[in-house]
Amino acid sequence: MTWQPEIDELYRRQKLSHQMGGEESVERHQSRGKLTVRERVSRLLDEDTFHETGAIAGAAKYEDGELKDFQPTNVVIGRGKIDNRKVVVCADDFTVRGGAGDQASMEKQVYSELMAHDLQIPIIRLVDGTGGGGSVSSLDDLGYAYIPVNPAWNHVVNNMGRVPVVAACLGSVAGLGAARVAASHFSVMVEGISQLFIAGPLIVKHGMGQDLSKEELGGVEVHRSSGAIDNVVKTEDEAFEQIRRFLSYLPTNVWQLPPVMKTDDSPTRKEEELISVIPRSRRTPYKIRPILEKIFDSESIFEMGRDYGGETVVGFARLNGHPVGFLANDPLVGGGGLSVKACDKIERFVDLCQTFHLPIVNFVDQPGLTIGLASEKNGLIRHGVRAISAIYQASVPMIEIILRRVYGVGGAGMINGHGLHLRYAWPSGDWGSLPLEGGIQVAYRRKLESSDNPQALLEKLAAQFESYRSPFKTAEAFGIEEIIDPRDTRPLLCEWIEDAYSLLPQLLGLSNHTMRP
C-alpha cells in the first residue's frame, strides 16, 4: 500500500493553482499588456530555481467529499535565485479577485517576510493590487468591523535593516499595496500599466471631490518625480533587469560583504578629457554624468531617482570591481544646490549605503543650501541638517572629490569635517563660507554704503579677494590636503577602495539605526 493516491491529488491541486484566476480572467489581464504572476516570477529569477511555498492554499469546493473546484490565493510566494544567490519572492496575482487580499493571502505575505527575516536573504515584492484586507463587503461576512493591523509590518520594518528589500509596482496599487511598494530600498514602476496611490479614484472623488483617472492620480508622470518610487521603466522585463542590477551591488544581508566582481577595466586607466570637463568660467555649468562614466568601471553605474531631487545624482557603481555608492552634484539642475528633495535623497541614500556597508564616493560641486523665500517656507534648513547628519553618522569609508564649489553649511556638510579628511581637490576647486559674488557686499556693506564711489571700491575688493581664491593658497595652509591632476582620480580611487574594503569586516552587522523607507 503506497501513498500514490495522495501524491496524485497533490499534483492535481498544484496544476489547478497554475490556472490562476481562470482562462477568462487571465486573458483579460494579458489584454492590458501585463504578464501573469507566474510569467513574472519566471522572468525575474534564474531559470528553474523557483521553489514555491503554499501553492495549494486557496478556496476549495467539494461535492460528496470530492474536490470539484479550486481557486488559489492571489499571492505566490517562494524562494529562488538571482545570479545564483537566494532570494524570497512575494508576487500578487491580479487575476484572482483583482489582487484584493483574503486571510490566506495575508498569511502568505506574512510568511514571505518571515522567510526573508529568518533566512536573512533579500525579498522582492511584485505588487499588483491593493494587497489589503479585501473590500468593505468583507464586513458582511465577518459581521463586525475590525481595527486594521498592517500584516507583518514588524518584519517589514526590521527587514529594512537586515536584508535588501525590492518592490515593483506592476498594476493599479492602492492602500496597503502602495505601502508595500514604498517600504523598500529600491522600487520601480512600469509605464502604461502601473499606478500607485493611497486611495483610488473613486474614493478620492467621494472624499475630496477630485475627479481623476488612475493615470492622473497616480501614474508614472505623477510619481516619476514624487519620491515615492525610485525608477520608472518602459517594460516589465526592464523592471526585472533593474531589480537584478540593484541586487548585484548589495550583500545578501548586513552580515556579509558586498560582492566583488572581476573586471577588465584597468584600475590605472586615465582619461585625458578630465582635464577640460570643468569650465574655467565659474558660472558655466557642465554635465556630471559623463565625468562619472570616465572614473568608475565601464558600464557599472546604476542611478537611482534621477527625476527626484535632481540637484544631486546618487547611485551605485564599481571601482576595480568593488561596489560603491556615489553622490554627485549636478550643476545643470538648480546649480547643484541642496533643495528639500535633494536633501531627502541624500539622507535616504547614505542610510542605504550605511546599512549594507558600501563605501561612498562624494563628488562635490556644492554651492550650498538653496536660498530664498520658498526654501524658508519649506523648512529646508531642517532637511539640510538631516542630510548632513546622515553623512556625519555614517561609519562606512567615505571619500570626497572636490570638483569645484564647496560653500556654506551645505558644502561643509558633504563630509565629516571633524574626522580624517580623505579627499582630493581638482585645480578647479573654489570654496569659502560664502561665494565672493554677494559675499563681499554683505561683509563690506557699511563701507560700500559710505563710499563716494561704491562700484570702484567693490571692484577693488573683488580683485583683492580673487587673489585669495586660488586653491593653491589653501593648500599652502594645509586647508586642502591634496590637489590632484583630474586624470589621476580613477587610479587614486581604485587604490582607496582596496583600503576601504579591508576595513568593512569590522562594520558588519546591524547599523546603529534601522533604515527607514
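With respect to (1) farther than 19 Å from Lys341 by Cα; (2) assigned to a loop (DSSP other than H, G, I, E, B); (3) not polar (S, T, N, Q), the lone exception for Tyr424 is condition (2).
Against the condition surrounded by fewer than 21 Cβ atoms within 10 Å (Cβ to Cβ), on the phi > 0 side of the Ramachandran plot and not β-branched (Val, Ile, Thr), how does Gly310 come out, does it pass? Explain how you work it out, then say what you get.
Details: surrounded by fewer than 21 Cβ atoms within 10 Å (Cβ to Cβ): yes; on the phi > 0 side of the Ramachandran plot: no; not β-branched (Val, Ile, Thr): yes.
Against the criterion (surrounded by fewer than 21 Cβ atoms within 10 Å (Cβ to Cβ), on the phi > 0 side of the Ramachandran plot and not β-branched (Val, Ile, Thr)), Gly310 does not qualify.
Pairing each residue of region 400-417 that is closer than 18 Å to Glu482 by Cα and open to solvent by less than 30 Å² (accessible area, probe 1.4 Å) with any residue that is in a loop (DSSP other than H, G, I, E, B) and charged (D, E, K, R), provided the two are 6+ apart or on different chains, yields C-beta distances under 9 Å for Arg404/Arg282. Based on what the data block shows, is Glu27 without any contact (Cβ under 8 Å) to a residue 24 or more places away in the chain, of a type in the set (Asp, Glu) and open to solvent by 30 Å² or more (accessible area, probe 1.4 Å)? Yes, satisfied. The residue pairs whose first member lies in region 444-456 and is on the phi > 0 side of the Ramachandran plot, whose second member is among the aromatic types (Phe, Trp, Tyr), and whose beta carbons are closer than 9 Å, counting only pairs six or more residues apart or on different chains, do not exist in this structure.
Number of residues in region 455-477 that are over 14 Å from Gly429 (Cα atoms) and under 40 Å from the mean Cα position of the chain (by Cα): the value is 1. Please count how many residues of region 237-265 are more than 14 Å from the chain's Cα centre (by Cα), closer than 26 Å to Gly309 by Cβ, open to solvent by 70 Å² or more (accessible area, probe 1.4 Å) and in contact (Cβ under 8 Å) with a residue 12 or more places away in the chain. Matching residues across region 237-265 total 1.
Would you list the strands (runs of 3 or more DSSP E) that sit entirely within region 1-80 and hold 3 or more residues that are closer than 27 Å to Val173 by Cβ? Outline the logic, then answer.
Details: elements: 51-53, 58-63, 66-72.
Qualifying strands (runs of 3 or more DSSP E): 51-53, 66-72.
Taken across region 273-285, residues that are crowded, with 17+ Cβ neighbours inside 10 Å, in a loop (DSSP other than H, G, I, E, B) and at pLDDT 95 or above do occur, with at least one present.
Over 22 Å from Glu498 (Cβ atoms) and of a type in the set (A, V, I, L, M): is that true of Val364 in this structure? Considered against the rule, which asks whether it is over 22 Å from Glu498 (Cβ atoms) and of a type in the set (A, V, I, L, M), Val364 comes out as yes.
To keep it simple, each residue is scored yes or no on (1) in contact (Cβ under 8 Å) with a residue 24 or more places away in the chain; (2) under 30 Å from Leu250 (Cα atoms); (3) of a type outside the set (Phe, Trp, Tyr).
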| position | (1), (2), (3) |
| --- | --- |
| Glu459 | no, no, yes |
| Ser467 | no, no, yes |
| Glu482 | yes, no, yes |
| Arg490 | yes, yes, yes |
| Gly509 | yes, yes, yes |
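Checking Lys86, Lys81 one by one, the residue that is modelled with pLDDT of 95 or more, within 26 Å of the chain's Cα centre (by Cα) and open to solvent by 70 Å² or more (accessible area, probe 1.4 Å) is Lys86 and no other.
Pull up region 191-236, narrow it to residues that are small (Gly, Ala, Ser) and not in a loop (DSSP other than H, G, I, E, B), then point me to the one that is surrounded by the fewest Cβ atoms within 10 Å (Cβ to Cβ).
Applying the first criterion (small (Gly, Ala, Ser)) to region 191-236 yields 192, 194, 199-200, 207, 209, 213, 218-219, 225-228.
Checking the rest, the ones that are also not in a loop (DSSP other than H, G, I, E, B) come to 207, 218.
Values: Gly207: 9, Gly218: 29.
In this case the residue turns out to be Gly207.
Number of residues in region 292-305 that are under 21 Å from Gly410 (Cβ atoms) and surrounded by fewer than 22 Cβ atoms within 10 Å (Cβ to Cβ) equals 1. All but one of (1) out of contact with any Phe, Trp or Tyr (no Cβ under 9 Å at 6 or more places or on another chain); (2) within 24 Å of His185 (Cα to Cα); (3) in a loop (DSSP other than H, G, I, E, B) hold for Pro251; which doesn't? Only one criterion in (1) out of contact with any Phe, Trp or Tyr (no Cβ under 9 Å at 6 or more places or on another chain); (2) within 24 Å of His185 (Cα to Cα); (3) in a loop (DSSP other than H, G, I, E, B) is unmet by Pro251, namely (1).
Looking across Gly408, Gly432, one residue alone is touching a strand residue (DSSP E or B) at 6+ places or on another chain (Cβ under 7 Å), at pLDDT below 90 and on the phi > 0 side of the Ramachandran plot. It is Gly432. Among the residues of region 320-343, not one is closer than 13 Å to Met304 by Cβ and basic (Lys, Arg).
Restricting Leu327, Leu358, Leu352 to residues that are part of a helix (DSSP H, G or I), open to solvent by less than 10 Å² (accessible area, probe 1.4 Å), touching a residue at least 12 places away in the same chain (Cβ under 8 Å) and within 30 Å of Gln256 (Cβ to Cβ) narrows the list to Leu352. Filtering Glu376, Glu299, Glu347, Glu303 for residues that are over 17 Å from Pro397 (Cα atoms), modelled with pLDDT of 95 or more and assigned to a helix (DSSP H, G or I) leaves a single hit, Glu376. If the condition is being over 13 Å from Gln354 (Cα atoms) and of a type in the set (Gly, Ala, Ser), then region 310-334 contributes Gly310, Gly315, Ala317, Gly321, Ala328, Gly334.
Val340 meets the conditions (1) closer than 26 Å to Val220 by Cβ; (2) touching a Gly at 6+ places or on another chain (Cβ under 6 Å) in every case but one. The failed one is (2).
The values are calculated or read from the model by the stated rules, or taken from the named source; none is laboratory data. Source: prediction; values computed, not measured. We place every Cβ from the backbone using ideal geometry, glycine too, and count neighbours over all the protein chains shown. Surface accessibility is based on the protein's heavy atoms, side chains included, excluding ligands, DNA and RNA. Shrake-Rupley method; radii C 1.70, N 1.55, O 1.52, S 1.80 Å.
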